[in-house]
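The values are calculated or read from the model by the stated rules, or taken from the named source; none is laboratory data. Since we're looking at a predicted model, the values are computed, not measured. Glycine gets a Cβ as well: all are built from the backbone with ideal geometry, and neighbour counts include every protein chain shown.
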Amino acid sequence: MMYDHDWICSKIPHKGKMCLLDRVARWNETEIVCRATSHLSPDNPLRHQGGLGISNGIEYAAQAMAVHGALCAASADPPRAGYLTSVRNVTWSRNRLDLLTGEIEVRAERISGNESNVLYSFGIFFGEEMLISGRASVLLDAAAVQGEKS
């Protein structure tokens, strides 16, 4: 099956230009690799003051994690909104994503988790160069937490 931009948009809460990933290159139950060129787009919604800072790579990784969750769930249910609750051990080699000249690779690996929380490591690559990497914790069902606050 082809997991392209349209498929991704149907499986994660992000729609239109905010859905940053072009396609899933490969995945298994613990890892996902996605490809993207949206960092090159002058109308990328994350651009600020004419540029796309490297910290926006965290959003690319978060979307890859959401796609991975959808693939592992293998459910036709609409996507649940999640919260990125923590990002740690972030390192980077460049300051901007928009200055790259081609496709980036977005990798995420599930380290641990349960039905309500998951921990991933992530890396964004341009060729062999790691642009940004770190770990991220995700609360999987944001709607349930919002309901508890009411």
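Residue by residue, here is whether (1) under 17 Å from K17 (Cβ atoms); (2) touching a residue at least 24 places away in the same chain (Cβ under 8 Å); (3) out of contact with any helix residue (DSSP H, G or I) (no Cβ under 9 Å at 6 or more places or on another chain) holds:
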{"residue": "T37", "(1), (2), (3)": "yes, yes, yes"}
{"residue": "P45", "(1), (2), (3)": "yes, yes, no"}
{"residue": "S55", "(1), (2), (3)": "no, yes, yes"}
{"residue": "Q63", "(1), (2), (3)": "yes, yes, no"}
{"residue": "C72", "(1), (2), (3)": "no, yes, yes"}
{"residue": "S86", "(1), (2), (3)": "no, yes, yes"}
{"residue": "R94", "(1), (2), (3)": "no, yes, no"}
{"residue": "L97", "(1), (2), (3)": "yes, yes, no"}
{"residue": "R110", "(1), (2), (3)": "no, yes, no"}
Tell me, which residue of segment 18-50 that is among the hydrophobic types (A, V, I, L, M, F, W, C) and more than 13 Å from the chain's Cα centre (by Cα) is farthest from S121 (Cα to Cα)? L40
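Just for strands (runs of 3 or more DSSP E) wholly inside segment 1-117: which have at least 1 residues that are over 19 Å from I132 (Cβ atoms) and at pLDDT below 95?
Here the list reads 83-92, 104-113.
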Failed condition for K15, given (1) farther than 12 Å from I124 by Cα; (2) touching a residue at least 24 places away in the same chain (Cβ under 8 Å); (3) of a type in the set (K, R): (2)
